[in-house]
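Okay, structure first, notes after.
Taken together, the values in this text are just the output of simple stated rules run on the coordinates, not laboratory data. Since the model is a prediction, treat every value here as computed from it, not as a measurement. Ideal geometry is used to build each Cβ from the backbone, glycine not excepted, and the neighbour counts take in all protein chains shown.
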Amino acid sequence: MRASSLGLFRPGHSPLHRLRPGTKLLILLVLGAASVVTQHWWWAVAILILGSMLAYRVAGWGVRLWWLQLRPLWMLLAFTAVVHALTSGWQRSVADTGTIVVLVACAALVTLTTPTTALVDTVVRLAAPLSRFGLDPERVGLFLMVGIRCVPLVAGLAQQVREAQIARRATTSTRAFVVPLVVRSLREADALGEALVARGIDD
Amino acid sequence: MRIELERVSHTFGDGPTPRTVLRDVTLTLTERRIGVIGHNGSGKSTFLRLLNALIVPTSGRVLVDGLDTARDARELRRRIGFLFTDPDAQIIMPTVSEDIAFGLRRSGLSHEQVDARVRDLLVRFGLDAHAGHPAHLLSGGQKQLLALAAVLITEPLALVMDEPTTLLDLRNAAMIGRVVADLDQTVILATHHLDLLAGFDRVLVFHEGRVVADAAPAAAIASYRDLMDGER
């Protein structure tokens, strides 16, 4: 799977596709809140990991797609797991790393089973009461859209920088990776902002 | 459409090394097909961005049908669409049809009306088979068509295009050229593909921030070639 299609909506007719976007966001929110409690019990997190895999199955896909959503984070996950295992024991390691796994996999499942437009419309609707406090709900939706757009964009840039690094045999230099990635990300952010303005969005 | 530039200059940066990219440009544009050519860094892109109010001039003013770009930017962007060199920079939504529809989010049109417009454009640009596909997995030519469709969905009166074929191969560049030729809108096109300018009404040649030639395509291109020869 290419970085640019990570988490991108995949049409389907599964129960998860049919579920209302608001309900899916609510489940995700509850899961996030519950993780504060569940991360104390490694076995509860392990059950949630299995549950997230099962949810991918219910959506019509397998564990492979589940793993593909997590693969870009594998270094972070490995680091978290090792540090916690060494400092707090294996139970804590499973609980904390597993919590990240569950939340990332489930967040990706929401975007995989919901068209972005439907998701944004829902967020704009949910944010409508905030207009009383001067917050523009459309702008909240725009933040979400740009956020969703930026994940695969930055992942794609990282892939390009990595390829350039390999081509120039600078594979061990962290600076040779981070500096061009940050510079290119800022340039892309500039271009994205200009494109939004040119398209009459957020004037 | 009537575009007027009155003694327009533009300078980037106000530190110790400001860079003036447009110098005292005065023009009136009323033609339907206007080409813009010149070296990289000659001021073409800055000139185009001034027309869509993406930037405002440091001095002088730009009027589009009487609207001042410094004051009426929002209304102006409704009338003038902008196509960038790199379509990837312009694509915002994940799928082809969502990206085309994106420009109508605050238009007040119903879902059915938006869908109908999107369908029309998908068919017109041969993208209907890709409607639900990830926009970033299209070919370069298809992405530029998508970017163009995304601009046209708002039905602008004019289109400003900043080197839309520079990143494309010859086949795709020719295809974009044909699409541009068929547009009903006023087109202001900056390009290095000089053959795209055949049939244009007027071509401006920029050099070091000034318009050094302003003529029909053949004469303007000849003048541009003389300029390049003179610099060798």
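Once each part is reduced to its C-alpha centroid, what is the distance from the range B:93-150 to the range B:159-232 in angstrom?
Between the Cα centres of the range B:93-150 and the range B:159-232 lies a distance of 27 Å.
What is the gain in length, in nm to one decimal, between B:R71 and B:H39 on full extension, counting 0.36 nm per residue of separation less the C-alpha to C-alpha distance?
Stretched fully, the B:R71-B:H39 segment lengthens by 8.4 nm.
Taking the Cα-to-Cβ direction at B:D229 and at B:R32 and moving 7 Å from each Cα, how far apart do the two end points lie in nm?
For the pair B:D229/B:R32, the computed spacing is 3.4 nm.
Restricting everything to alpha-carbon atoms, can you work out Rg to Rh for the range A:116-203 with a Kirkwood hydrodynamic radius?
1.15
Collect residues whose amide H, placed 1.01 Å from N in the peptide plane, falls under 5 Å from the amide H of B:R33; neighbours closer than 5 in sequence don't count.
B:V187, B:D201, B:R202
How long are the semi-axes of the equivalent ellipsoid of chain A, defined as square roots of 5 times the Cα gyration tensor eigenvalues? Whole Å, largest first.
They are 28, 27, 17 Å, listed largest first.
How big is the charge dipole of the protein assembly as shown about its Cα centre, in debye rounded to the nearest 20, if each Lys and Arg gets +1 on its Cβ and each Asp and Glu gets -1 on its Cβ?
I would put it at about 1400 debye.
For the range B:1-99, report the convex hull volume of the alpha-carbon atoms normalised per residue, in Å³, without decimals.
140 Å³
Using only the Cα atoms of chain B, what are the Rg and Dmax in Å?
So, for chain B, Rg and Dmax equal 18.0, 58 Å respectively.
At 0.36 nm per residue, and after removing the present C-alpha to C-alpha distance, how many nm does the segment from A:T87 to A:R169 gain when stretched out fully?
26.0 nm
Mind grabbing the base-10 log of I(q)/I(0) for the protein assembly as shown at q = 0.06, 0.09, 0.13 Å⁻¹? Debye formula, identical points on the C-alpha positions, no solvent, two decimal places.
Once normalised to I(0) and log-transformed, intensities are -0.32, -0.69, -1.21.
Where in the range B:1-26 is the amide nitrogen less than 11 Å from a point lying 7 Å along the Cα-to-Cβ axis of B:D201?
Correct set: B:1-3.
Normalised by the residues of the range B:158-223, what does the relative contact order come to in percent, with Cα pairs under 8 Å and at least six apart?
For the range B:158-223, the relative contact order is 28 percent.
How high is the relative contact order of the range B:30-107, in percent, counting Cα pairs under 8 Å that sit 6 or more residues apart?
For the range B:30-107, the relative contact order is 17 percent.
Measuring from label point to label point, each 7 Å out along Cα→Cβ, what is the B:R23 to A:C150 span in nm?
Here the modelled spin labels are 4.0 nm apart.
Measure out, as a whole number of angstrom, how far apart the alpha-carbon centroids of the range A:34-80 and the range A:105-176 sit.
20 Å
Quick one: dipole size for chain A, taken about the Cα centre, charges +1 on Lys/Arg Cβ and -1 on Asp/Glu Cβ, in debye to the nearest 20.
560 debye
If each DSSP helix of 4+ residues adds -39,500 (n - 2.57) and the sum is divided by the residues in the protein assembly as shown, what number results at 222 nm, nearest 500 deg cm²/dmol?
The helix contribution divided over the protein assembly as shown gives -17000 deg cm²/dmol.
Label 7 Å along Cα→Cβ of A:V178; the range A:63-92 residues with amide nitrogen under 19 Å?
In the range A:63-92, the label zone of A:V178 (backbone N under 19 Å from the point 7 Å along Cα→Cβ) covers A:73-80.
Can you give the charge dipole size of the range A:116-203 about its Cα centre, rounded to the nearest 20 debye, using +1 on the beta carbon of Lys and Arg and -1 on the beta carbon of Asp and Glu?
Around 500 debye, computed over the range A:116-203.
Kindly rank B:211-220, A:90-99, B:141-150 from highest to lowest mean number of other beta carbons found within 10 Å of each residue.
Peptide ranking by packing, descending: B:141-150, A:90-99, B:211-220.
Which whole-number percent is the relative contact order of the range B:1-52 (Cα, under 8 Å, 6+ apart)?
After rounding, I find 35 percent.
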